[in-house]
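Read through the structure below, which is laid out as structure tokens, and then see the notes.
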Amino acid sequence: MWCFLGDGECDEPETLGALSLAAREQLDNLIFVVNCNLQRLDGPVRGNGKIIQELEATFRGAGWNVIKVVWGGKWDELLARDVDGVLLNKMNTSVDGEYQKYATEDGAYIREHFFGPDPRLRGLVEHLSDDDLRNLPRGGHDYRKLYAAYKAATETTGQPTVILAKTIKGWTLGPEIEARNSTHQIKKMNAAQLKLMRDRLYLQEEIPDAALEKGEPPFYCPPPDSFEYQYMMERRQALNGSLPHRVVRAKPLPAPGEKTLSEFDAGSGKRSVSTTMAFAVMLRNLLRDKGLGQRIVPIIPDEARTFGMDGLFKEVKIYAPLGQLYEPVDSKLMLTYSEARDGQILEEGISEAGGMADFTAAGTAYATWGQPMIPFFIFYSMFGFQRVGDLIWAFGDMRGRGFLLGGTAGRTTLLGEGLQHDDGHSLLLASTVPNVAAYDPAFAYEVAAIVADGISRMYGPEPEDIFYYLTLYNENYQMPPRPEGVNEGIVRGLYRFADGPVGPSRRATILFSGSASQAALEAQQLLAEEHDVAAELWSATSYKALREDALSVERWNRLHPELQPRTPYVTEALEDAAGPIVAVTDFMKSVPDQVARWVPGHFVPLGTDGFGRSDTREALRRHFETDAAHVVVAVLDGLRATGEAKAAEVAKTIARYGIDADAADPRVS
């Protein structure tokens, strides 16, 4: 496994952040090649220092084998004659900014400033012309030394290898381009510059002057009978063909066994549980499933106990390449920390980026290895899309498959954690990824239905290149049994959960998601008993799915003006919904607002815009105006807007529930 990168890219935390893992797991098939041309896009990487020595220390400290290719072969004779060590000292004390400068100057400048200050140095190069000095190569441009480094790397055992190759940025492009701070931005070359580059690459016979004087420079392809062509074709064959070339040979996986997910249809009875607890049981069932168990890959960034999944430690164990070489402190307990070489749980420590690496490997295994795996990566929802969004975007672009699970979701559901942990926007960030199906389920049976749908769509007879994101909450409440005929609505994003109570004369509709279901249920009761309003309840499991369906319908209608127009699912589902429609969520108002223009009727979203705070759920929901009292007020104000309530009734209700009408907007307070 070869990874080619630049010295400037090593400033990215993601580049070097997991080096110790490769050494810890003795990945001697991993080779980094760092092109140390000493430059970033704007200037030197370490103008006042030495990036190669810095990287050497970093890699060696992480347990890597380090091979440096700093000086080309023409320096060997000079170094052999350096009996006093003055040349070696000069090499080691010259900073990278100076080396960049030498690459842009002529031989006379190099003689005066690099070799000139010390007569012993000057004496070493008296026999060399200025052109000879100018052409003393950096190690990364010496093919023999590079080959030797590559060969040594492939023969190293027990640890990964990094090759630090010193080069010149823009090498062979000529003195007007090489090693300049503007090298990266230079996009065009004139005929003279092209001829100089051709000559430096010894391509005079292949590309004559006439070919460079016709305007656009030609593409050169070696003829099939040439040595170069045959060599490249042989290497392609040795590497199993050309790239990019994607061959998927994975066979479809069976659906989960009948009992694996069905236990959640009955609800929890009088027992209060969270959707996180329900998922932990679901994951255990999937691991035990005879048809799928060996394909399940649980990925947890050091939070299994937080998510109630420590029961899996002893049952399926945590993967460790060396097994468990010690007796854990809790070895006599049922939930002992158990590592094994054949462990199924992947734990990369407190590292969502490491977890995403595991998720990517497992989620693309169907194409890479012809082995479909079903990864379940659970993390604090605040630390998912916000922290590793670029890796999630890359995963989608790679057509990865699997389940991301944002645990402890919601701006007000996680008690006492405050700004750092209270997530109210991951669903909004998820909406930017084209092929992620994002869900905010309220009940255990919804989670089960979504997981079953995901396995079918990603791993069934006609697999799709999509992946799933589900929010999971840590608030305990009674899980209701699954109503009849709701599975289609669950996966499409919206279904009627409960009709309005019989008796009241006025009607309204409340949409809820996730833990906001409890405020909706309480508000339904208050509206019926105290305000003469029968509110029907709808569970909105995915505003992203509803929006994407509506956009697809809108596009189809625009491009087929002569055919019967289609209707978005959200419009069709709510077509007969009575009264104003209020949507309540533990996420930002922007989440339900995604479908506002397709909702028939008066629509008001309630959400948690603003920074999280450390407080009780009740206090936070009053602060963010998403508790049952605010849902009631929103419904009554909607009735006022449609002419079915008076302003005085709304004002009286605000006072009745102790709502401070002049409180600061939570979005900015």
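Worth pointing out:
- Tilt relative to the chain, helix 628-641 - C-alpha long axis, 0 to 90 degrees, to 10: 80
- Solvent exposure of residue 1, expressed as accessible area, is near 150 Å², computed with a probe of 1.4 Å over the protein chains only.
- Carbon + sulfur, % of accessible area of the stretch 65-180 - ligands and nucleic acids excluded, 1.4 Å: 51
- Rolling a 1.4 angstrom probe over the stretch 547-626 with all protein chains present gives an accessible area of which 48% lies on carbon and sulfur atoms.
- Protein-only accessible surface at a 1.4 angstrom probe places the residues 657, 366 in the order 657, 366, largest first.
- Gyration tensor verdict on the stretch 286-436 (Cα atoms; rounded if a/c is under 1.5, prolate if a/b is larger than b/c, oblate otherwise): oblate
- Annotation: lysines with alpha-carbon distance below 21 angstrom to residue 314 (same-chain offsets under eight excluded): 290, 332.
- Rg to Rh quotient for the stretch 237-292, alpha carbon positions, Kirkwood Rh: 1.32
- Dipole of the chain, positive end: most advanced residue of 608, 32, 639 [Cβ charges, Cα centre]: 32
- Per residue, the accessible area of the stretch 421-497 comes to 32 Å², computed with a 1.4 Å probe over protein heavy atoms only.
- Normalised contact order of the stretch 1-159, rounded percent, pairs of Cα under 8 Å and 6 or more residues apart: 29
- From the coordinates shown, mean projected area of the Cα convex hull in nm² corresponds to which of (i) 41.1; (ii) 44.7; (iii) 35.8: (i)
- Partners for residue 589 among aspartates and glutamates (Cα-Cα distance below 15 Å; same-chain residues under 8 apart left out): 423, 440, 609, 625, 627, 665
- Gyration tensor verdict on the stretch 439-597 (Cα atoms; rounded if a/c is under 1.5, prolate if a/b is larger than b/c, oblate otherwise): oblate
- The order of the peptides 329-339, 171-181, 381-391, 257-267 by mean Cβ neighbours within 10 Å, most packed first, is 381-391, 171-181, 257-267, 329-339.
- For the stretch 143-263, radius of gyration divided by Kirkwood radius, i.e. Rg to Rh on alpha-carbons: 1.19
- Each Cα pair under 8 Å and six or more residues apart adds its separation to the average, and for the chain the resulting relative contact order is 10 percent.
- For the stretch 397-441 versus the stretch 477-491, the gap between their alpha-carbon centres in whole angstrom: 21
- Lys, Arg +1 and Asp, Glu -1 on Cβ, resulting dipole of the stretch 359-486 about Cα centre, debye, nearest 20: 180
- Residue-normalised accessible area of the stretch 617-669, given per residue in Å² at a 1.4 Å probe: 52
- Heavy-atom surface analysis with a 1.4 Å probe gives the stretch 416-476 a carbon and sulfur content of 51 percent of its accessible area.
- Aspartates and glutamates with Cα under 18 Å of residue 270, excluding same-chain neighbours fewer than 8 positions away: 475, 522
- Rounded to the nearest 10 degrees, the angle from helix 543-559 to the longest Cα principal axis of the chain is 80 degrees.
- Separation of the stretch 98-149 and the stretch 340-356, taken as the distance between their Cα centroids, equals 48 angstrom.
- With the highest mean first, a sort of the peptides 205-211, 161-167 on other beta-carbon atoms found within 10 angstrom per residue produces 161-167, 205-211.
- In the stretch 1-103, taking the dipole from charged Cβ atoms about the Cα centre, the farthest positive-side position among 1, 85, 64 is held by 85.
- Probe 1.4 Å - accessible area at residue 151, Å² to nearest ten: 100
- Taking the C-alpha atoms only, the angle from helix 51-61 to the longest principal axis of the chain is near 60 degrees.
- For the stretch 37-177: rounded, prolate or oblate by the Cα gyration tensor [a/c cutoff 1.5]: prolate
- Cross-link pairs beyond the 18 Å C-alpha cut-off, checked among 251/317; 169/214; 101/195; 166/188; 101/166: 251/317; 169/214; 101/195; 166/188
- In the chain, the DSSP-assigned H stretches of four residues or longer account for a calculated mean residue ellipticity at 222 nm of -10000 deg cm²/dmol, using -39500 (n - 2.57) per stretch and the full residue count as denominator.
The values are calculated or read from the model by the stated rules, or taken from the named source; none is laboratory data. Given the structure is predicted, the values throughout are model-derived calculations rather than measurements. So basically every Cβ, Gly included, is an ideal-geometry build from the backbone, and we count neighbours across all protein chains shown. Note: accessible area is taken over every heavy atom of the protein model, side chains too, but ligands, DNA and RNA are not part of it. Shrake-Rupley method; radii C 1.70, N 1.55, O 1.52, S 1.80 Å.
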